[in-house]
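Down below is the structure, laid out as structure tokens.
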Amino acid sequence: MRDYKRSLQHYEEALKVIPMGTSTFSKNPNLFTIGACPLFIKSAKGCRLTDLDGNEYIDYGMALAPVILGYAHSEVDSAAKAGIDEGLIFTLACPEEAELASKVIELVPCAEMVRFAKNGSDVCEGAIRLARNYTGKLKVMTVNGYHGFHDWFIASTPRNKGVPSVMAEWIINHPFNDIDSIEATIKKSADEIAVLIMEPVINYEPKPNFLKKIRELTEQNNIILIFDEMKTGFRLDVGGAQKYFNVIPDLAVYAKALANGYPLSMLAGSKKLMQQLEDENCFLSASYATEKASIKAALTTLEIIQRDQVLAHIWRIGERLKQGIAALINKHGVSSVLKIVGYPPMSHFIITESNGQTVNEIKSYMQQECAERGLLFIGYHHPSFAHQEKEIDQTLAIYDEVMKLLRQSLEKGDLKEKLKGRPISAFGVRR
Ligand SMILES: Cc1ncc(COP(=O)(O)O)c(C=O)c1O
């Protein structure tokens, strides 16, 4: 049996110096089965992680999606190291910044100009600011996505302590795939709405014409459309979801797969909107945005994605995984609690409570049993270029065993007693 002693010891120490034990919400141990799965990772290579106790796992989180080529990718890391050796960051900007902007403009349909930053939250906020300044309007429509921790957005969520409550009044949220509610809001309040920001895919696929209709409605009503492509960008298609669905927003924000895990985010869009930033009073700036290691990593990542047809691989391997999981759900008769949804490059389990067993208890049980067998289960899959047939075979073999156990436990009603750790006690960032 695997043990997680060092993870647990480290968690206790980390809690003394870092609230929640880590600075990244989605990595905080409350989202994991404390005592029955790893809580900290020591190193990673390809698509495999090694935890503090020396246990190895196949990973599909890929650091919350950025690591599209695989961990410790030698070509990307060499490019980043060259950036470090050249001095990393200077008193003036480096030429690679415009080189990367040109590359992005070549790939991303809405991109006529580009700005870089470090976090997704930064560029989401920048995009909203450009839309408000351009339209002279205030309100923001959202479509159940996550757009970072800044006040303008987080005010509208339950995670809003310390944020002026008035800001929540400026956000109107809508369910994903519900075009009627979006149309109703626009009809009622178009003269107040500056912008609609959305993730083009949230777990489920968008219904046919959902995105096209949103594009039409926003265009007709002087509402700026922003696609938050943090997850879909350079994953669904090299040009992002906008290219995949052929629906072109006014602005789009990216991070994650852009630089294979190096910290870099990006705001891209039409000249008329982006050029507002030439007025120094329309402000978006980040001290570390021109840091060369990440920019060089991004240039190399984009080159490899195109050169090696990375996304074709990810779609193919992701499809095998998704189909395999669907077949196992059928085989073990667990479709009342488990579903697999979404596009192959970003498939998700939908877990439903059953007979007094909560979603988090079922998820914890799966996490515990998968961890024991060498798979870090987080409820979704971001396959990378490093995942090969062998990993898919291993993953499906593990899911086969774990779903069999799940079925038995659900039938006996003893799932809670079988938990060896503290069940997951938090929910992710999406509403
Ligand atoms: C869709 C989306 N938008 C925005 C963000 C915020 O990015 P960051 O955490 O880099 O600020 C995230 C982060 O996960 C995200 O998934």
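When the residues of the range 401-431 are filtered to those that are surrounded by 13 or more Cβ atoms within 10 Å (Cβ to Cβ) and among the charged types (D, E, K, R), the one that is nearest to the ligand (Cβ to nearest atom) is Arg431. Within the range 130-149, restricting attention to residues that are of a type outside the set (Ser, Thr, Tyr) and within 8 Å of the ligand (Cβ to nearest atom), the residue that is nearest to Ser270 (Cα to Cα) is His147.
Listed here are the residues, each with its yes/no results for (1) closer than 30 Å to Met1 by Cβ; (2) more than 16 Å from the ligand (Cβ to nearest atom); (3) among the small types (Gly, Ala, Ser); (4) touching a residue at least 24 places away in the same chain (Cβ under 8 Å).
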{"position": "Ile18", "(1), (2), (3), (4)": "yes, yes, no, no"}
{"position": "Asn55", "(1), (2), (3), (4)": "yes, yes, no, yes"}
{"position": "Glu75", "(1), (2), (3), (4)": "no, yes, no, yes"}
{"position": "Ala82", "(1), (2), (3), (4)": "no, yes, yes, yes"}
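Matching residues to (1) more than 16 Å from the ligand (Cβ to nearest atom); (2) buried (at least 20 other Cβ atoms within 10 Å of the Cβ):
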{"position": "Lys207", "(1), (2)": "yes, no"}
{"position": "Leu211", "(1), (2)": "no, yes"}
{"position": "Thr218", "(1), (2)": "yes, yes"}
{"position": "Ile223", "(1), (2)": "yes, yes"}
{"position": "Phe227", "(1), (2)": "no, yes"}
{"position": "Lys231", "(1), (2)": "no, yes"}
{"position": "Phe234", "(1), (2)": "no, yes"}
{"position": "Gly240", "(1), (2)": "no, yes"}
{"position": "Val247", "(1), (2)": "yes, yes"}
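In the set (1) within 19 Å of Met62 (Cα to Cα); (2) open to solvent by less than 40 Å² (accessible area, probe 1.4 Å), Ala312 fails one condition alone, (2). List every residue pair whose Cβ atoms sit under 7 Å apart, with the two residues 6 or more apart in sequence or on different chains, where the first one lies in the range 123-149 and is touching a residue at least 12 places away in the same chain (Cβ under 8 Å) and the second, anywhere, is open to solvent by less than 20 Å² (accessible area, probe 1.4 Å) and acidic (Asp, Glu). Close Cβ pairs (under 7 Å, with a partner that is open to solvent by less than 20 Å² (accessible area, probe 1.4 Å) and acidic (Asp, Glu)) amount to Cys124/Asp228; Gly145/Glu199; Gly145/Asp228; His147/Asp228.
Could you tell me whether the range 397-413 includes any residue that is within 22 Å of the chain's Cα centre (by Cα) and within 22 Å of Ser347 (Cα to Cα)? No, the range 397-413 contains no residue that is within 22 Å of the chain's Cα centre (by Cα) and within 22 Å of Ser347 (Cα to Cα).
For (1) open to solvent by 30 Å² or more (accessible area, probe 1.4 Å); (2) assigned to a helix (DSSP H, G or I); (3) in contact with a strand residue (DSSP E or B) (Cβ under 7 Å, 6 or more places away or on another chain); (4) not assigned by TED's automatic domain parsing to the domain that holds Gln276, each residue gets a yes or a no:
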site	(1), (2), (3), (4)
Leu39	no, no, no, yes
Thr50	yes, no, yes, yes
Tyr57	no, no, yes, yes
Ala79	no, yes, no, yes
Ile105	yes, yes, yes, no
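Among residues of the range 247-272 that are among the aromatic types (Phe, Trp, Tyr), those with a beta-carbon under 6 Å from a residue that is within 15 Å of the ligand (Cβ to nearest atom) at least six positions away or on a different chain give the pairs Tyr254/Glu229; Tyr254/Gly233; Tyr254/Met266; Tyr262/Ser294. Within the range 359-373, being open to solvent by 10 Å² or more (accessible area, probe 1.4 Å) and either touching a residue at least 40 places away in the same chain (Cβ under 8 Å) or under 29 Å from Ala257 (Cβ atoms) (or both) holds for Val359, Asn360, Glu361, Lys363, Glu372, Arg373. Scanning the range 7-30 for residues that are of a type in the set (Phe, Trp, Tyr) and over 20 Å from Asn119 (Cα atoms) yields a single hit, Tyr11. Residues in the range 107-129 that are open to solvent by less than 30 Å² (accessible area, probe 1.4 Å) and not in a helix (DSSP H, G or I) were compared, and the one that is nearest to the ligand (Cβ to nearest atom) is Ala117.
The values are calculated or read from the model by the stated rules, or taken from the named source; none is laboratory data. As the structure is a computational prediction, the values presented were derived from the model and not from experiment. Heads up, the Cβs are rebuilt from the backbone with ideal geometry, glycines too, and the neighbour counts pull from every protein chain shown. For the accessible areas, the whole protein counts, side chains as well, though only heavy atoms, and no ligand, DNA or RNA atoms are used. Shrake-Rupley method; radii C 1.70, N 1.55, O 1.52, S 1.80 Å.
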